[in-house]
Amino acid sequence: MGVTGARRTEGTGDRSDPSRSVADLVPDARDRARHELALQTVREFRKVLPAGVPAAIGLAVVLHGRLPLGHLVIWVSLVLVDSVRAFVRRRADDRYLAGGGSVDGWLRQVVPHGVWFGLVWGTLPVLCLVDHDAAAMNVALVVALAFIGVMMAVVAFRPHFLANAIGLGVPTLGSALWFGGDQRVLGVLGLLYVGVIVTVQSALARSRLEAAVLKHVNAGLARALTAEHERVQEANDQLSAANTLLSHRAHHDALTGLANRTLALDRLAHAMQVAPPGSHVALLYCDLDGFKSVNDRYGHPVGDQLLVAVASRLRAAVGHDDLVARLGGDEFLIVVTALSATEHAVAIAERIVAALRAPFAVEGHTLHVGVSVGLVTTALAVAAKDLVRRADDAMYRAKHGGRGRIAVAPSPGVSHLPAADG
């Protein structure tokens with residue numbers, strides 16, 4: 001039956017943990033390599049097992065007439081029974097190791113099964129010794145030594161696998177030495193041959209193990225580097241998102257989402273710099289009428305919601321390329337570009353006054369506010385703060401004129417006020 005020992009527990013941690021050093025990866029890689037070679041050994045040995053019975057029958061046919069038929073039948077029957085037992089066991093070993101079973105637990109059970117397997121085949125030279133047939137002994141020696149060579153070449157070398165060679169080699173070489181004559185010499189040569197095979201296969205197996213360890217170390221490093229790259233990329237994405245958010249917060253009003261004073265001044269300066277010849281840039285300075293009384297009567301939460309609603313109407317009243325900004329409190333700036341005449345800016349201001357004159361429904365309240373607008377246009381690239389000051393002065397003139405009005409400031413380079421305010 002298959003191995004029933006404790007399940008494999010070594011190296012069950014997170015193999016892709018990028019914080020692990022190379023020194024941490026090596027023991028884990030060695031364990032995985034041993035497990036891989038053990039599973040490979042079981043599967044390779046299963047391939048050669050079916051050849052055992054035909055080989056035994058062939059030998060029985062060759063030795064028929066030299067050894068008693070009864071002895072040959074008993075020996076072939078033992079080989080047949082042991083081959084079936086070994087084949088069933090190897091299938092169980094395959095399932096056990098593939099399921100993560102302990103390599104050490106499996107190797108401990110290799111020894112008794114290996115000794116028994118070798119002894120079954122080692123029975124043939126003992127039969128030859130009993131019947132004292134030199135030719136049969138020569139055949140048995142050659143077959144046994146060839147079998148040892150095949151087994152050592154197939155299995156991934158471990159001291160545990162010497163059990164096969166010991167189980168087969170001890171009765172075989174012992175029988176040859178006891179037999180005497182040429183068979184004794186052949187037995188000594190066979191002993192040397194087994195020593196060479198074991199030494200060579202030991203070196204090859206160590207090379208296979210180290211190569212497998214290196215493969216798993218490289219795979220572990222690749223996983224660690226991939227995980228580290230993904231973590232760095234994730235950190236970069238988070239940093240980029242944080243920078244974008246900070247940049248947005250630095251240039252926008254937290255309540256309404258509109259641009260703030262800093263962004264408004266930057267856009268105003270840029271608009272004046274890039275304005276084509278003959279084109280005007282307009283700045284509208286808006287201050288709500290009656291907002292303080294609403295705020296005092298209904299409280300700041302309602303006042304804040306009213307400001308959000310005002311911001312929405314201001315966006316809807318201007319063009320897509322125009323900028324609406326909140327300066328703070330109930331004051332707003334609007335930058336309008338690509339105007340051909342001041343009259344167009346006045347029309348936009350009138351549209352804004354009409355939009356804010358309509359009542360607002362906020363949290364179950366019907367609220368009324370108005371807006372006073374100070375307007376200035378320019379075809380020149382002047383200081384943005386100077387233009388804001390001019391629009392601010394015009395806005396105060398509008399308020400003093402009765403509120404809900406529009407006042408136009410003189411453009412830079414013009415010494416007189418417009419003929420009439422709206």
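Is at least one residue of the stretch 109-121 of a type in the set (Gly, Ala, Ser) and not in a helix (DSSP H, G or I)?
Taking the stretch 109-121 as the starting set, the residues that turn out to be of a type in the set (Gly, Ala, Ser) are 114, 118.
With the extra rule that they be not in a helix (DSSP H, G or I), the set shrinks to none.
Checked against the condition, which is being of a type in the set (Gly, Ala, Ser) and not in a helix (DSSP H, G or I), the stretch 109-121 yields no hits at all.
Identify the residue in the stretch 88-104 that is within 15 Å of PHE117 (Cβ to Cβ) and at pLDDT 75 or above and, among all such residues, is surrounded by the fewest Cβ atoms within 10 Å (Cβ to Cβ). Top of the filtered list is VAL88.
Name every residue in the stretch 243-295 that is small (Gly, Ala, Ser) and under 41 Å from the mean Cα position of the chain (by Cα), in order of residue number.
Here is the first cut: in the stretch 243-295, the residues small (Gly, Ala, Ser) are 247, 250, 254, 257, 259, 264, 269, 271, 275, 278-279, 282, 290, 293.
SER247, ALA250, ALA254, GLY257, ALA259 - these are the residues of the stretch 243-295 that are small (Gly, Ala, Ser) and under 41 Å from the mean Cα position of the chain (by Cα).
Yes/no matrix, rows are residues, columns are (1) surrounded by 16 or more Cβ atoms within 10 Å (Cβ to Cβ); (2) touching a strand residue (DSSP E or B) at 6+ places or on another chain (Cβ under 8 Å); (3) of a type in the set (Ser, Thr, Tyr); (4) in contact (Cβ under 8 Å) with a residue 12 or more places away in the chain:
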position: SER175; (1), (2), (3), (4): yes, no, yes, yes
position: GLY180; (1), (2), (3), (4): no, no, no, no
position: GLY187; (1), (2), (3), (4): yes, no, no, yes
position: VAL213; (1), (2), (3), (4): yes, no, no, yes
position: HIS229; (1), (2), (3), (4): no, no, no, no
position: SER240; (1), (2), (3), (4): no, no, yes, no
position: VAL274; (1), (2), (3), (4): no, no, no, no
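How many of the residues making up the stretch 353-388 are part of a loop (DSSP other than H, G, I, E, B) and under 27 Å from GLY278 (Cα atoms)?
Within the stretch 353-388, the subset part of a loop (DSSP other than H, G, I, E, B) is 358-359, 363-364, 368-369, 379-383.
Checking the rest, the ones that are also under 27 Å from GLY278 (Cα atoms) come to 379-383.
Number satisfying all stated conditions: 5.
Among the residues of the stretch 317-344, just one is in a loop (DSSP other than H, G, I, E, B), more than 30 Å from ASN295 (Cβ to Cβ) and either of a type in the set (D, E, K, R) or not assigned by TED's automatic domain parsing to the domain that holds LEU356 (or both), namely ASP321.
All conditions but one from (1) under 25 Å from ALA347 (Cβ atoms); (2) modelled with pLDDT under 90 apply to ALA264; the one that does not is (2).
In the stretch 295-310, which residue that is surrounded by fewer than 21 Cβ atoms within 10 Å (Cβ to Cβ) and in contact with a strand residue (DSSP E or B) (Cβ under 7 Å, 6 or more places away or on another chain) is farthest from LEU380 (Cα to Cα)? So, considering only residues that are surrounded by fewer than 21 Cβ atoms within 10 Å (Cβ to Cβ) and in contact with a strand residue (DSSP E or B) (Cβ under 7 Å, 6 or more places away or on another chain), the one farthest from LEU380 (Cα to Cα) is TYR298.
The rows are residues; the columns are (1) in contact with a helix residue (DSSP H, G or I) (Cβ under 6 Å, 6 or more places away or on another chain); (2) free of Cβ contacts under 8 Å to residues at least 40 places away in the same chain.
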| position | (1), (2) |
| --- | --- |
| LEU284 | yes, no |
| LEU314 | no, no |
| VAL318 | no, yes |
| LEU333 | yes, no |
| GLU350 | no, no |
| VAL369 | yes, no |
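Of the residues making up the stretch 366-413, those that are surrounded by fewer than 22 Cβ atoms within 10 Å (Cβ to Cβ), among the small types (Gly, Ala, Ser) and over 20 Å from ALA354 (Cβ atoms) are ALA379, ALA381, ALA383, ALA384, SER411, GLY413. Listed conditions (1) small (Gly, Ala, Ser); (2) closer than 20 Å to PRO54 by Cα; (3) modelled with pLDDT of 75 or more are all met by ALA135, apart from (2).
The single condition among (1) part of a helix (DSSP H, G or I); (2) touching an Asp or Glu at 6+ places or on another chain (Cβ under 8 Å) that ALA391 does not satisfy is (2). Hey, does the stretch 285-294 have a residue that's of a type in the set (A, V, I, L, M, F, W, C) and surrounded by fewer than 18 Cβ atoms within 10 Å (Cβ to Cβ)? Checking the stretch 285-294: not a single residue is of a type in the set (A, V, I, L, M, F, W, C) and surrounded by fewer than 18 Cβ atoms within 10 Å (Cβ to Cβ).
The values are calculated or read from the model by the stated rules, or taken from the named source; none is laboratory data. Since we're looking at a predicted model, the values are computed, not measured. Positions of Cβ are backbone-derived with ideal geometry, glycine not excepted, and every protein chain shown enters the neighbour counts.
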